[in-house]
């Protein structure tokens with residue numbers, strides 16, 4: 001049996017329980033990972049709390065990114081892995097399949113080797129959050145020299161967006177609370193505006209026509225649309241599709257679309273290993289204290305991610 005953390009009755013953080021689950025079978029193109037670290041993200045709270053759909057949804061294991069060691073390799077993989085490799089991986093949760101389990105099978109293309117200089121705890125915070133940032137910028141497809149605004153820039157996804165955007169030659173306008181301004185500037189933001197409801201107005205002060213594109217990592221939705229020029233684009237991360245007008249393009253993204261983006265995941269690992277992406281761990285907790293980690297999601301001002309330890 002496999003030690004896991006999940007819910008049998010949806011609810012708040014305290015609905016999470018320790019579970020014993022059957023091991024997952026391994027198939028072609030897959031690897032088995034002995035998980036040591038699983039990151040706690042806001043999406044995990046959605047998985048934990050949404051109403052049950054049917055009996056197949058009776059047991060639900062959250063978790064979208066992990067790190068650990070490969071213990072088995074299925075046939076027909078196209079990745080340079082060997083048993084014993086330390087890897088990080090993005091997970092697309094479904095029922096009992098989620099990151100909060102000590103033994104996990106994922107597509108080989110969803111995993112990448114942990115670079116030298118990163119611990120497994122640090123590496124666990126990169127795959128899903130980093131690929132979300134990469135997908136956001138790839139979706140905007142702005143040329144070097146274009147302007148991009150980023151909300152939630154002090155957060156995990158937002159910080160990665162700022163750093164990747166600068167590396168792509170974009171001019172970055174980011175939001176930040178006063179205590180986060182130094183960090184956001186260190187990530188490479190060219191301009192920092194105060195975090196808040198008047199974000200769009202503050203952006204327009206220096207960019208009267210509006211910016212070329214925007215990544216809404218803070219989920220401000222309609223409030224950010226005025227910051228973007230006519231014909232520009234906004235990428236959203238929680239399914240928001242716009243205000244019904246066509247002045248700007250509003251494009252929802254879903255990181256599951258990049259779950260097999262092996263080349264992009266390898267590049268993120270390389271950048272983090274070189275220190276060009278800043279990984280931030282808010283704290284480590286044993287997996288048995290997953291509820292405490294989920295309570296942290298409800299607190300404002302937490303920077304970085306909490307990571308659950310399975311060994």
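A short reminder: the numbers here are calculations on the coordinates, not readings from a lab. These numbers were taken from a predicted model, which means no experiment stands behind them. Here the Cβ is made from the backbone with ideal geometry for all residues, glycine too, and neighbour counts use every protein chain on show.
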Revision key, fill the gap. Per GNM of the chain with C-alpha springs under 10 angstrom, the most fluctuating residue out of 244, 273, 74 is 244
Revision key, fill the gap. Put in order of increasing Cβ neighbours within 10 Å, starting from the fewest, 5, 26, 47 give 26, 47, 5
Point to revise | Cα-based equivalent ellipsoid of the range 127-175: semi-axis lengths in Å, sorted from largest, via gyration tensor | key: 16, 12, 8
Exercise for review: Pop a pseudo-label 7 angstrom from the Cα along the beta-carbon direction at both residue 222 and residue 289 and give the gap in nm to one decimal.
Suggested key: 4.2 nm
Practice item. For residue 141 paired with residue 243, estimate the spin-label separation in nm (one decimal), with each label point 7 Å from Cα along the Cα-to-Cβ line. Key: 2.6 nm
Revision key, fill the gap. So residue 53 and residue 274, fully extended at 0.36 nm per residue minus their Cα-Cα distance, gain in nm 75.2 nm
Practice item. Can you tell me how much longer the chain between residue 20 and residue 82 gets when fully stretched, taken as 0.36 nm per residue apart minus their C-alpha distance, in nm with one decimal? Key: 19.6 nm
Practice item. Restricting to the chain, compute how many DSSP beta bridges are antiparallel as a %, nearest 5. Key: 55 percent
Exercise for review: Please report the Cα spread of the range 1-133 along all three principal axes, rounded to whole Å, starting with the longest.
Suggested key: 40, 29, 23
**Study point:** Calculated log₁₀ intensity ratio I(q)/I(0) where the Debye formula runs over C-alpha points of the range 189-311, q = 0.11, 0.12, 0.14, 0.22 Å⁻¹
**Key:** -0.57, -0.67, -0.88, -1.24
Point to revise | Three principal axis lengths of the range 212-261 [C-alpha, angstrom, descending] | key: 34, 18, 17
Review point. So what is the diffusion coefficient of the range 77-132 in µm² per second by Stokes-Einstein at 37 °C and 0.692 mPa s, using a Kirkwood Rh over Cα pairs?
Key: 271 µm²/s
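What do you get for Rg/Rh of the chain when both radii come from the Cα atoms and Rh is the Kirkwood radius?
Expressed as Rg/Rh, it is 0.98.
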Point to revise | Neighbour-count order for 36, 296, fewest beta carbons within 10 angstrom listed first | key: 296, 36
Check your understanding: What nm value, rounded to one decimal, do you get for the distance between residue 257 and residue 72 when each label is placed 7 Å out toward the C-beta?
Key -> 3.4 nm
Check your understanding: By how many nm would the segment from residue 267 to residue 205 lengthen if fully extended, with 0.36 nm per residue of separation less the alpha-carbon distance?
Key -> 18.8 nm
Check your understanding: Anyone know which of 206, 41, 129 comes out most mobile in the 10 Å Cα GNM of the chain?
Key -> 206
**Study point:** Convex hull of the range 129-256 built on C-alpha atoms - directionally averaged projected area, nm²
**Key:** 6.6 nm²
